[in-house]
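A quick write-up on the structure given underneath.
The values are calculated or read from the model by the stated rules, or taken from the named source; none is laboratory data. Every value quoted in this text rests on a predicted model; they were computed, and no experiment measured them. Note: ideal-geometry Cβ built from the backbone for every residue, glycine included; neighbour counts use all protein chains shown. Accessible surface areas use protein heavy atoms only, side chains included; no ligands, DNA or RNA. Shrake-Rupley method; radii C 1.70, N 1.55, O 1.52, S 1.80 Å.
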Amino acid sequence: MKNTYYISVKRLLLLSFITLLAVVSNPTVLKAQSSQGTDFWIAFPKNIYQSNPRQLYITAEVNSTVDVNIVNPVFSTTVNIPAGTLATINLPVAVDINSNGVVENKGIHITSDNPVTVYGMSQEAATTDAYLALPVDALGTSYYVMTYVHTAAPSQMAIVATEDNTAITITPTATGGGFTAGVPGNIVLNEGQVFQLRSSGGGGDYTGSRVVSDKPVSVFGSVECTNIPVGPCCCDFIVQQMVPTSGWGQSFVTVPLATRTGGDIFRIMAQEANTEVTINGAVVANLAAGAFHEVSLASTSYNRIVANKPILVGQYSKSSGADGVTSDPFFTLLPPDEQFLNSYIVSAGTSNIPINFLNITSPTANTGNVQVDGATVAAGAWTVIPGTTFSGARVPVANGVHTVNSVLPIGLMVYGFGSYDSYGYLGGQAFGAVATVTSLTITPKTGSAPVNTNKCWEALLLDNFGDPVSGVRVDFNITGPNSASSGFAFTNASGIATFCYAGPNQGIDTIVAVVGALNDTASFTWTDLISVPLSDWAIYLGILLMLTFVVIRFRRMI
């Protein structure tokens, strides 16, 4: 019988092995495909009033040089944006697309030497709204449009081409601009050209319109001025840039708009037939492709919206006459849970909108890590969203630039109210192709190691063709003695998200990899002192010496 010495040599050798590997490797840090980018093609659909400059808000995490160019009206400028700041660029009001069914050269081209985030602001007295711009590499070739009903002025949809000879098929849900509701029509656009349709007759609504192209395009849904819901005074301009169908999700959490007492309107649109939608666990609709369910949810309700297939969710501020509160309509898309980010720089307010808020959604366990302008959001600001692991907060902020940061990904909406006026937009989001993910597998399933040993897991994401899906965030939720080590990672070109941590506490952890409704589980045991047979010493020491020799030779070679 061999003598066994209870020692921690194995732990030491394992840690030495990991350290040596770190010396000879330089892994690339993976980031999500997100609203940050270096190349944008956007536009401004027609606002009913046109007296003020249109504005671009551009934020940068590192020092960036940004160029903005427009063919018609002729405009060109270059701005230097210091890290952690926001620049405002005024554009000619003539950049608005006033035409209907006509090709124009009004695309706005924004390029930068480093990734930036861009927001479009159309500010007018009583008809203001804003949108989050999508970079070219987050665009797609398949869209459904979301907007609202034509009440006071036309419902609109607009398209911007990012490349020459882009063939586009439009199947509109409203008639206007030479296109008939329900009848597909074709156009060809060159780089920077725009094409807008405006509904004719009362009640037109481009929500559910289909846009399919052979090259990536930017798509916008808007209404020149609309009452929400139909009836109460007053109308306001609304606009959002659409998310391609590949970036839709299945799971959403909602936070009610601050100050409102009459609740908020939500539209939930299906990408595929037989899409079952539930709100707070109750089935509310079974939708065909391109169809939507509209619902008003109470001003006190924090909600969970889930579907069995990908959906797009829009939140609408009601007209001020709906509850008599200082406000008016705006429209913003909501990010699916799996498309949250953990860092934002945003601008709140305009000269005519002094009442501003940030709506934040966070994993409940992470709320203590959420900061606005460097200060932790007060615990009392959070409300647990029933039936979920999330909480929501409504944080009042002053006009100006704000930073929002968190350890784990969070959702962010920026909005504000003035006299018969409002705006709202997403702070940002990821645009990984979460809608295409059909399988998730985590490896290894089991294992053990001494505490404080760095261990890694891989989550593989595949689509229904068995191909890897890159740029998608995977959450790694840990329960057990090391639950504080929960985190996230993004998939690489091979569809693999790698997550590592060194458990400081003994015991068994359960690691759950999650993307939307998909998940897979692993178990890992963290031990203390390790039994090492004396006869194994030579083996471990030999491995350590060999690795040391390899590193020395490697350093001499470079």
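The stretch between Asn80 and Val183, if pulled fully straight at 0.36 nm per residue, gains 32.4 nm over its current Cα-Cα span. The modelled label-to-label distance between Ala398 and Ser419, using points 7 Å beyond Cα along the C-beta direction, is 2.3 nm.
In the full protein context, segment 267-323 carries 35 Å² of accessible surface per residue, based on a 1.4 Å probe and ignoring ligands, DNA and RNA. Within the assembled protein chains, the solvent-accessible surface assigned to Ile508 is about 100 Å², based on a 1.4 Å probe.
Within the assembled protein chains, the solvent-accessible surface assigned to Arg210 is about 70 Å², based on a 1.4 Å probe.
Net charge of the neighbourhood of Pro409, taken over other residues with C-beta under 11 Å away and scored Lys/Arg +1, Asp/Glu -1, is -2.
Label sites at Ala273 and Asn63, each approximated as a point 7 angstrom past Cα along Cα to Cβ, lie 5.8 nm apart. Where in segment 112-135 does the label zone of Ser351 land, with the point 7 angstrom along Cα→C-beta and an amide N cut-off under 16 Å? Those under the cut-off are 121-129.
This structure gives mean projected area of the Cα convex hull in nm², computed directly, and of [x] 26.9; [y] 35.3; [z] 28.5 that value is listed as [z]. Surface composition of the chain: carbon plus sulfur atoms hold 56% of the accessible area, using a 1.4 angstrom probe and ignoring ligands, DNA and RNA.
Dividing the helix sum by the residues of the chain, where each DSSP H run of 4 or more adds -39500 (n - 2.57), gives a mean residue ellipticity at 222 nm of -2500 deg cm²/dmol. Under 5 Å from the amide H of Leu134 lies no amide H of any residue 5 or more positions distant or on a separate chain, with H modelled from the backbone and absent for Pro and chain starts. Of the residues Phe75, Phe237, the one with the largest accessible area comes first in the ranking Phe75, Phe237, computed with a 1.4 Å probe on protein heavy atoms.
Once the C-beta distance of Ala94 and Ala125 is scaled by a Förster radius of 22 Å, the resulting FRET efficiency is 0.75 to the nearest 0.05. For segment 200-346, what log10 I(q)/I(0) values come out of the Debye formula at q = 0.09 1/Å, with one point per alpha carbon and no solvent? Normalising to I(0) and taking log10 leaves -0.29.
For Pro45, neighbours were defined as the other residues whose beta-carbon sits under 15 Å from its Cβ, and their charges (Lys and Arg +1, Asp and Glu -1) total -3. The angle between the Cα long axis of helix 537-557 and the main principal axis of the chain comes to about 50°, on a 0 to 90 degree scale. With a Förster radius of 25 Å applied to the beta-carbon distance between Ser483 and Val283, the computed FRET efficiency rounds to 0.15. Looking at segment 442-504, the accessible area is 42 square angstrom per residue; that uses a 1.4 Å probe and ignores ligands, DNA and RNA.
Placing dummy labels 7 Å off each Cα toward the beta-carbon, the span from Ala298 to Ser448 is 5.2 nm. Across segment 37-124, counting alpha-carbon atoms alone, Rg and Dmax equal 13.1, 41 Å. Considering only Cα atoms, the convex hull volume of segment 151-248 works out to 94 Å³ per residue. Label zone of Asn492 (point 7 Å out along Cα→Cβ, amide N under 12 Å): in segment 434-466 this covers 458-459. Classify segment 112-172 from the C-alpha gyration tensor, please: rounded if a/c falls under 1.5, else prolate or oblate depending on whether a/b exceeds b/c. Here segment 112-172 falls in the oblate category.
Cα extents for segment 341-450 along the principal axes, largest to smallest and rounded to whole angstrom: 60, 33, 26.
The stretch between Thr364 and Ser51 holds 108.3 nm of extra length on full extension. This uses 0.36 nm per residue minus the Cα-Cα distance. Give me the angle, in degrees from 0 to 90, between the Cα long axis of helix 9-24 and the longest principal axis of the Cα atoms of the chain, rounded to the nearest 10. Approximately 50 degrees, to the nearest 10.
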